[in-house]
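Student: What follows is a single structure, and I will ask about it in a moment.
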Amino acid sequence: MTASTGTWRIASADAAQAPVAVIGAGVMGAGIAQVAAQAGHPVRLMDLREGAAAAAIAQIGKALDGLVTKGRLERDARDAVLARLSPAASTADLAGAALVIEVIVEKLEPKQALLRELDALLPPDALIASNTSSISITALANGMANPRRLVGMHFFNPVPLMKLVEVVWGAETDASAAQAIEALSRRWGKTPVHAKSTPGFIVNRIARPYYAETLQLLQEQAGSPAQLDRALRGAGFRMGPCELMDLIGHDTNYLVTQSVFEANFGDKRYQPSLVQKALVDGGRLGRKAGKGFYEGTPESAAPVAVIDGDVGAVTLSGRGPLVELLGGWMGTRGLTFERDETADWQGVAVEGVQLHFTRGRCAAQLARERSKPGLAVIDWPLAPDRIEGLAIAFGPRVDNLQQTHAETLLRRLGWEPLVLRDVPGLAVARTIAMLINEGADAVWQGVCDEAGADTAMKLGVNYPAGPFEWLAQLGAPLVVDALEGLFEAYRSERYRISPLLRQRLWA
Ligand code: NAD
């Protein structure tokens, strides 16, 4: 990152009226043009396809009409916004722009060619931004005479609704250029977060484990898509990973996964899944194909068969954030229990059956290590009041009566027992631990700061919390322990622990 130089016209006192140009009038370009015009800029929209820019402006008109109908926009304001939008026939018409945003097809060569052309055309005080979701800003700037004025301005779909903008710095990006784009994003009602140009930037990188861990669980026959979705919704996610992948489209998601994997030289962390490939190969692309993990829209899950009253002798064991969380919830549910803070394990026992919070180890392993056949592992109840179902796995020598005691306790807590195969880390724990790990590595490698990672994940993909908020809630010892369990179980570098987390532990 180079030192601050340059005065950009888009950052000047009358910046709100500075002309903006958007190249590429597709889904994203139209959204960006609308937001810029609503913020007061005269906007030229250009597209290679004949008539595409005019069609996009007509489409924006309809979107604005919708806002007028809902009472969110005055008719005069709607007319003024539309009057500020005009199609441009060629790049030569854009020479007066203070900012040009490139929103064309996601391919390196055409983007580079366009950016070089713009660089030659525009005066030195004009900024150039690219909305690329996966191409390196450093690579895009290669060949520009003035690469310092190129900044990634990564919007999310749908642009008028999604608040996040990743402000992406290529190796040559000037600090003042990135700051000007940050300030502009704020004026446009967005929340900007700075990111260094690395594969996936922030959101598309940190989100990988949300899909990857579920795909791994499916490959290991841990449970059904419906069970895993239910488990993750219980951690506060709006959609489970399988229903979300069905919505995004498996072709799109597979491409992003492959691109991040290849861009990281085949790092196992980002390895695509055979489960995903089979869906794509078989044309089960998700909702748009009418079939993916689910046929059509997933059915809503059956209500939990909640139980009230006595469930036998219950003891809350050990200490730590999860124990406190569970104890608080047992109180809310009016359950009588004893406490054993001195126990050398964390979880809850019912009629002598121990339910250990998973630490990335299987029930079978714990049962053997502790010589305790009647043992199960349970998932992390991060948001007790939102849980529809909690994942549980039993050791190999748990009998029917012991299983019934355990499942009855979960129903007494208002949670459907989601009985999974005895896999390490269950569903929520391994997903959250890996999201935290990925966020930690992003910060460790200088891609963003901690607050930026949290903001990006909450605003870019609607996560209930950011990785560092989860880390604060759970504490480094638990997270590192769970990751160590996973690493031991798989002996795969995929589960290697971020140095940042280890340092947090030692601190
Ligand atoms: P799109 O296919 O809907 O639109 C791209 C438009 O660019 C098309 O209208 C095409 O005719 C035009 N185009 C192609 N080459 C051109 C050129 N050389 N000059 C002028 N116009 C040209 O695509 P989109 O979904 O709007 O994506 C555009 C960019 O935004 C891509 O870089 C993509 O990665 C990025 N992006 C997309 C999303 C998303 O959810 N769709 C989200 C964030 C970022």
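The values are calculated or read from the model by the stated rules, or taken from the named source; none is laboratory data. Treat the numbers as computed from the prediction; the structure is a model and nothing was measured. Please note: Cβ atoms are built from the backbone with ideal geometry, for glycine as well, and neighbour counts cover all protein chains shown.
Student: Which residues, taken from segment 372-422, are in contact (Cβ under 8 Å) with a residue 40 or more places away in the chain and touching a Lys or Arg at 6+ places or on another chain (Cβ under 8 Å)?
Tutor: Scanning segment 372-422 gives 377, 386, 388, 389, 412, 413, 414, 416, 418.
Student: Can you tell me which residue is nearest to residue 100 (Cα to Cα) among those in segment 47-59 that are surrounded by fewer than 23 Cβ atoms within 10 Å (Cβ to Cβ) and of a type in the set (A, V, I, L, M)?
Tutor: 48
Student: Next up: Out of (1) assigned by TED's automatic domain parsing to the domain that holds residue 406; (2) in contact (Cβ under 8 Å) with a residue 12 or more places away in the chain; (3) not hydrophobic (A, V, I, L, M, F, W, C), what's the single condition that is false for residue 308?
Tutor: Among (1) assigned by TED's automatic domain parsing to the domain that holds residue 406; (2) in contact (Cβ under 8 Å) with a residue 12 or more places away in the chain; (3) not hydrophobic (A, V, I, L, M, F, W, C), the lone unmet condition for residue 308 is (1).
Student: In segment 323-361, how many residues are of a type in the set (A, V, I, L, M, F, W, C) and more than 22 Å from residue 387 (Cβ to Cβ)?
Tutor: Initial filter on segment 323-361 (of a type in the set (A, V, I, L, M, F, W, C)): 323, 325-326, 329-330, 335, 337, 343, 345, 348-350, 353, 355, 357.
With more than 22 Å from residue 387 (Cβ to Cβ) added as a condition, the list becomes 343.
Count: 1.
Student: Checking the condition in the same structural domain as residue 177 (by TED's automatic domain parsing), over 24 Å from residue 180 (Cβ atoms), of a type in the set (A, V, I, L, M, F, W, C) and over 33 Å from the mean Cα position of the chain (by Cα), which residue from 97, 54 passes? Walk me through it before giving the result.
Tutor: Values: 97 fails: over 24 Å from residue 180 (Cβ atoms).
Matching residue, one of 97, 54: 54.
Per-residue answers, yes or no, for (1) surrounded by 16 or more Cβ atoms within 10 Å (Cβ to Cβ); (2) under 20 Å from residue 261 (Cα atoms); (3) modelled with pLDDT under 95:
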site: 388; (1), (2), (3): yes, no, yes
site: 412; (1), (2), (3): yes, no, no
site: 425; (1), (2), (3): yes, no, no
site: 431; (1), (2), (3): yes, yes, no
site: 444; (1), (2), (3): no, yes, no
site: 467; (1), (2), (3): yes, no, no
site: 474; (1), (2), (3): yes, no, no
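Student: So which residues in segment 303-321 are part of a loop (DSSP other than H, G, I, E, B) and among the aliphatic types (A, V, I, L, M)?
Tutor: Of all residues in segment 303-321, those part of a loop (DSSP other than H, G, I, E, B) come to 303-313, 318-320.
Correct list: 304, 305, 306, 307, 311, 313.
Student: For segment 154-169, does any single residue satisfy the condition of being at pLDDT below 95 and under 25 Å from residue 263 (Cβ atoms)?
Tutor: yes
Student: Quick one: in segment 268-279, of everything that is free of Cβ contacts under 8 Å to residues at least 40 places away in the same chain and surrounded by fewer than 19 Cβ atoms within 10 Å (Cβ to Cβ), which residue is nearest to residue 492 (Cα to Cα)?
Tutor: At the first step, the residues of segment 268-279 found to be free of Cβ contacts under 8 Å to residues at least 40 places away in the same chain are 272, 277-279.
Subset that is surrounded by fewer than 19 Cβ atoms within 10 Å (Cβ to Cβ): 277-278.
On the way: 277: 21, 278: 23 Å.
Here the residue is 277.
Student: Counting only residues that are charged (D, E, K, R) and assigned to a loop (DSSP other than H, G, I, E, B), which one in segment 280-302 is surrounded by the fewest Cβ atoms within 10 Å (Cβ to Cβ)?
Tutor: My answer is 299.
Student: Considering only helices (runs of 4 or more DSSP H) fully contained in segment 401-507, which possess at least 1 residues that are closer than 28 Å to residue 247 by Cβ and among the aromatic types (Phe, Trp, Tyr)? Show your work before the answer.
Tutor: Values: elements: 428-444, 450-460, 467-474, 476-490, 499-506.
The qualifying helices (runs of 4 or more DSSP H) are 467-474.
Student: Write out, first by first residue and then by second, each pair whose Cβ atoms fall under 7 Å of each other, whose residues are 6+ apart or on separate chains, and whose first residue, in segment 163-187, is under 16 Å from residue 451 (Cβ atoms) while the second is among the acidic types (Asp, Glu) and surrounded by fewer than 24 Cβ atoms within 10 Å (Cβ to Cβ).
Tutor: Matching pairs, first to second residue: 167/182.
Student: Which residues, counting only those in segment 262-288, are of a type in the set (A, V, I, L, M, F, W, C) and at pLDDT below 95? Show your work before the answer.
Tutor: We begin by selecting, within segment 262-288, every residue of a type in the set (A, V, I, L, M, F, W, C); these are 263, 265, 274-275, 278-280, 285.
The answer is 263, and nothing else.
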